[in-house]
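The values are calculated or read from the model by the stated rules, or taken from the named source; none is laboratory data. This is a predicted model, so every value here is computed, not measured. FYI the Cβ positions are ideal-geometry reconstructions off the backbone, even for glycines, and counts take in every protein chain you see. Just the protein is used for accessible areas: all its heavy atoms, side chains included, with ligands, DNA and RNA removed. Shrake-Rupley method; radii C 1.70, N 1.55, O 1.52, S 1.80 Å.
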Amino acid sequence: MENERPITILGIETSCDETAAAVVTLGPDGPVVRADVVLSQVAAHAPYKGVVPEIAARAHVEGLDGAIAAAMAEAGIGFGDLDGVAATAGPGLIGGVMVGLVTGKAIAMAHDLPLIAVNHLEGHALSPRLAGPVTFPYLLLLVSGGHCQFVAVLGLGDYRRLGSTLDDALGEAFDKTAKLLDLGMPGGPAVEALAARGDATRFDLPRPLLRRDGCDFSFAGLKTAVAREVAQLGAALSEQDKADLCAAFQAAVLDVVEDRTRHAMDALDPMWGAQGRLVVAGGVAANKAIRARLEAVASERNYRFFAPPLRFCTDNAAMIALAGAERLRAGFSDGLDVAARPRWPLDEAGALSRPTHKAGRKGAKA
Ligand code: KG4
Ligand code: ZN
């Protein structure tokens with residue numbers, strides 16, 4: 001039986017290059033985000049044109065305590081008002097994950113609170129529920145810098161991966177394209193902005209895996225094709241060339257995303273019939289052209305379409321707090337000996353937690 005008492009959770013996210021802390025209260029009417037602090041490390045990594053794991057870990061060490069204090073102050077509560085602490089335990093850059101998880105353990109231990117070790121991808125998978133009542137089951141397209149997969153989200157902790165990328169993640173493909181065109185970091189927004197000013201028909205770029213069975217992705221060939229065009233244009237590469245290449249790249253991405261989504265729906269239609277729901281999450285879900293194309297496919301296929309607000313699409317701790325609250329409400333938390341997992345597939349996310357009575361005192365009462 002679900003516990004209808006409101007559950008207040010501190011969430012901690014440090015798996016990549018955002019240091020984030022949030023406070024979420026999950027009540028019978030759904031979650032309320034009471035504080036949502038995100039410290040971006042973009043400036044620290046910009047000179048290297050990519051995330052440097054050691055720099056990320058150090059920046060988490062420097063920023064996390066302040067982010068947590070700011071989130072608690074914004075929520076207007078003390079540690080004693082919490083029902084638990086949720087920290088990302090993977091997948092991600094191990095140094096950063098360790099910083100967040102160990103901090104979460106320390107707070108849980110000092111204040112005798114249950115700890116919930118959250119899979120970062122589960123956070124993304126549940127993120128649309130921060131914004132409104134998105135009920136299970138739904139088809140999730142998770143597209144970020146490190147991940148690119150279709151998941152059938154059947155219930156809390158019950159995730160089936162339907163397809164994923166064979167090489168680069170979609171966000172990675174945007175970032176690599178941006179790097180080839182010297183557009184700076186992060187690449188996705190820069191490519192999207194330039195694409196809006198470009199001619200998508202000037203360059204004929206490949207659409208990898210289009211019309212192939214299943215719903216896997218592949219983006220390495222598309223990136224290589226962009227690299228070839230850039231090399232051919234050489235030093236003469238103009239602003240218009242860059243815009244046209246961005247437009248062609250994004251047009252290819254849209255066609256692939258549409259085709260793969262149709263295939264994922266084909267697999268689910270016999271099971272879900274008329275009540276399909278499509279959710280897009282992860283940093284790439286910020287892309288308005290991708291959202292619009294997904295919305296069009298959803299409407300044509302009679303799926304309802306959900307995309308979380310942008311601040312919940314990119315990495316944040318509110319989604320980690322919500323995943324923790326949902327798990328705690330369902331009776332799960334983790335021991336303080338739980339390990340960080342740099343690799344942790346989403347379809348294994350249900351396996352790690354164990355019943356709350358093994359955790360802290362408050363958990364035992366819940
Ligand atoms: O979810 P996220 O913040 O971090 C990861 O877990 O990876 O996603 C970041 C990724 C980056 O690759 C970034 O370039 C991409 O999301 N991204 C975008 C856009 N905004 C962010 N890609 C395409 N269009 C955008 N507007
Ligand atoms: Zn992420």
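What the table below lists for this structure:
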| read-out | value |
| --- | --- |
| Label-zone membership for the stretch 176-219, site Ala236, 7 angstrom Cα→C-beta point, backbone N under 16 Å | 203 |
| Among Ala274, Ala117, Ala195, residue whose mean-square fluctuation peaks in a GNM of the chain (springs only between Cα atoms under 10 Å) | Ala274 |
| For Ile7, distant residues with modelled amide H under 5 Å away | Leu26, Gly27 |
| Net charge, Ala298 excluded, C-beta distance under 11 Å - Lys, Arg +1, Asp, Glu -1 | +3 |
| Between the stretch 128-184 and the stretch 7-64, the Cα center-to-center distance that results, in Å | 18 Å |
| By average C-beta atoms within 10 angstrom, highest first, the peptides 6-13, 235-242, 147-154 | 6-13, 147-154, 235-242 |
| Hz values of 3J(HN,Hα) by residue in the stretch 159-174 - Karplus curve (6.51, -1.76, 1.60), Gly and Pro given as x | 10, 10, 7, 9, x, 8, 7, 7, 9, 7, 6, 5, x, 5, 5, 4 |
| Accessible surface of the stretch 1-68 [probe 1.4 Å, protein heavy atoms]: carbon and sulfur percent | 57 percent |
| Burial order of peptide ranges 321-328, 135-142 (average beta-carbon count within 10 Å, highest first) | 321-328, 135-142 |
| Using a Förster distance of 56 Å, the FRET efficiency for Asp81-Asp167 (Cβ separation, nearest 0.05) | 0.75 |
| Length added when fully stretched, Lys288-Ala227, from 0.36 nm per residue minus Cα-Cα | 19.5 nm |
| Estimated translational D of the chain in µm²/s (Stokes, Kirkwood radius over Cα pairs; 10 °C; 1.306 mPa s) | 76 µm²/s |
| Pairs of Lys in the stretch 104-263 closer than 26 Å at Cα, counting only those 8 or more apart or on different chains | 5 |
| Note, ³J(HN,Hα) from phi for the stretch 250-260, Karplus 6.51, -1.76, 1.60, rounded to Hz, x at Gly and Pro | 5, 5, 5, 4, 4, 5, 5, 4, 4, 4, 5 |
| For Leu166, distant residues with modelled amide H under 5 Å away | Phe217, Ser218, Phe219 |
| Total formal charge among the other residues, if their Cβ is under 9 angstrom from that of Gly350, Lys/Arg +1 and Asp/Glu -1 | -4 |
| Accessible carbon and sulfur surface of the stretch 86-135 relative to its total accessible area, %, 1.4 Å | 72 percent |
| Dipole-positive endmost among Met319, Met265, Leu245 within the stretch 240-346 (Cβ charges, Cα centre) | Met319 |
| For the stretch 28-41, Karplus couplings with θ = phi - 60° (6.51, -1.76, 1.60), whole Hz, Gly/Pro x | x, 8, x, x, 10, 7, 8, 7, 8, 9, 10, 9, 7, 9 |
| Accessible surface, the stretch 70-114, averaged per residue in Å² (probe 1.4 Å) | 34 Å² |
| Förster-model FRET efficiency, 51 Å R0, Arg202 and Met109, C-beta, rounded to 0.05 | 0.30 |
| Share, in percent, of DSSP beta bridges within the chain that are antiparallel, nearest 5 | 65 percent |
| Area projected by the alpha carbon convex hull of the stretch 32-175, averaged over all directions, nm² | 9.7 nm² |
| The stretch 165-226, accessible area per residue, ligands and nucleic acids excluded (1.4 Å, Å²) | 48 Å² |
| MRE, 222 nm, helices only [DSSP H, n ≥ 4, -39500 (n - 2.57), over the chain, to nearest 500] | -13000 deg cm²/dmol |
| Gain upon complete extension [Leu310, Glu54; 0.36 nm per residue less C-alpha separation] | 89.4 nm |
| Degrees, to the nearest 10: 53-75 long Cα axis against longest axis of the chain | 50 degrees |
| Accessible surface, the stretch 237-306, averaged per residue in Å² (probe 1.4 Å) | 37 Å² |
